[in-house]
Amino acid sequence: MPGLNVTDENRSNPLRRPVPAEKDIAIVLRSVEFSETSLIVTLMTRGLGKIHALAKGARRLKSPFESALDLLAVCRIVFLRKSSDALDLLTEAKLQRSFRVPAGDLRSLYAAYYVVELLDGLTDDYDPHTELFDLADETLLALSQGESAARRVLRYELGGLGLLGHLPSLEMCVECGHRAEPVGGRVAFGQLDGGVLCVKCRAGKRQVELLGPAALGAMARLADLSSPAWQRMEMNPRTYGEVRGVLNHYVSNLLGRRPRLHAYLGALGT
Ligand SMILES: [Zn+2]
């Protein structure tokens, strides 16, 4: 046929078309041994969301990926996206930044593990959350630079809940929309309802906790990603304990299980 050559025929045949390589930046969330030489890695990419990819040769002494696939690392990757029932294939990973534990402070490491546990647990595959990626990236960097792990974790949790549409209502009653006024200095927080409850609406509710205005105010400031006010805010140990407690419960409800790292968060201090 005139004008048709072998190359054109190949190009028009979807079965022969090469799979396009995707390039992205990623945070390493998990890795499991797949064979004597390979790993299956779970990565949060900035532009494409969470992926699971086979990294052939990653367990060899001279791995083509070197340390780019270490847990908590940020790396630049190239991968081939496979059909829905197959793993993606990682073809390249170059380390951009590894997580460094500041001066042997294990609290920062636990906090960092918790950051990736939530990133993994609260997102779906191939569901990109660019701002959440950036928040996690910024949090990991701050933790490796020795910033207060307790505060950074709260900021990440509340900022992240907001970005995922799960931020609890902190001022207005989640049921009726009216302001939830404190009673005896405390406001009711309905864990199963997703926020504060006014006196009328709290009747008969299960899993209700009582929070002071300081804790609710701190949560609102920590959740506001447009403002750096959270960095200057005073938070005494009691307020921190209240916020930590309510978030532990709330995040566990969202995940449907208690995060593995929750046991370590109490030791982060303020
Ligand atoms: Zn109400």
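The table below lists the values:
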read-out: Net +/- balance of residues flanking residue 268 in space, Cβ distance below 11 Å, scoring K and R +1, D and E -1; value: +3
read-out: For the chain, calculated [θ]222 nm from helices alone, where every DSSP H run of n ≥ 4 adds -39500 (n - 2.57); value: -10500 deg cm²/dmol
read-out: Antiparallel content of DSSP bridges confined to the chain, in %, to 5; value: 90
read-out: Sequence ranges 43-50, 241-248, 111-118, ranked by mean other-Cβ count within 10 angstrom, highest first; value: 111-118, 43-50, 241-248
read-out: Proximal charge balance of residue 186 [Cβ under 12 Å; K/R count +1, D/E count -1]; value: -2
read-out: Length released on extending from residue 81 to residue 97, taking residue separation times 0.36 nm less the Cα-Cα span; value: 3.4 nm
read-out: Three-way shape call for segment 26-146 based on the alpha-carbon gyration tensor, with the a/c threshold at 1.5; value: oblate
read-out: Kirkwood Rh and Cα Rg combined as Rg over Rh, evaluated for the chain; value: 1.09
read-out: Per-residue HN-Hα couplings for segment 225-230 [Karplus 6.51, -1.76, 1.60; θ = phi - 60°; Hz; x = Gly/Pro]; value: 6, 8, 10, x, 4, 4
read-out: Overall form of segment 57-215 per C-alpha gyration tensor (a/c, 1.5; a/b vs b/c); value: prolate
read-out: Computed FRET value (nearest 0.05) for residue 181 with residue 236, which takes r as the C-beta separation and R₀ as 35 Å; value: 0.90
read-out: Pairs of lysine residues in the chain - Cα separation under 16 Å, sequence separation of 8 or more or cross-chain; value: 7
read-out: The chain: relative contact order in percent, alpha carbon pairs under 8 Å with at least 6 residues between; value: 14
read-out: Formal net charge of residues neighbouring residue 135 (Cβ-Cβ distance under 11 Å; K, R +1; D, E -1); value: -3
read-out: Degrees between helix 213-223 axis and first principal axis of the chain (Cα, 0 to 90, nearest 10); value: 20
read-out: Dipole magnitude of segment 128-223, debye to nearest 20 (Cβ charges: Lys/Arg +1, Asp/Glu -1, about Cα centre); value: 500
read-out: Cα centroid of segment 234-267 to Cα centroid of segment 131-177, whole Å; value: 12
read-out: In segment 138-208, trypsin sites (Lys or Arg not before Pro) in a DSSP loop with at most 15 other beta-carbon atoms within 10 Å; value: 205, 206
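Just so you know, all these numbers are worked out from the coordinates, no wet-lab data involved. Keep in mind it's a predicted model, so treat the numbers as computed, not measured. A quick note on method: Cβ atoms are made from the backbone with ideal geometry, for glycine too, and the neighbour counts reach across all protein chains shown.
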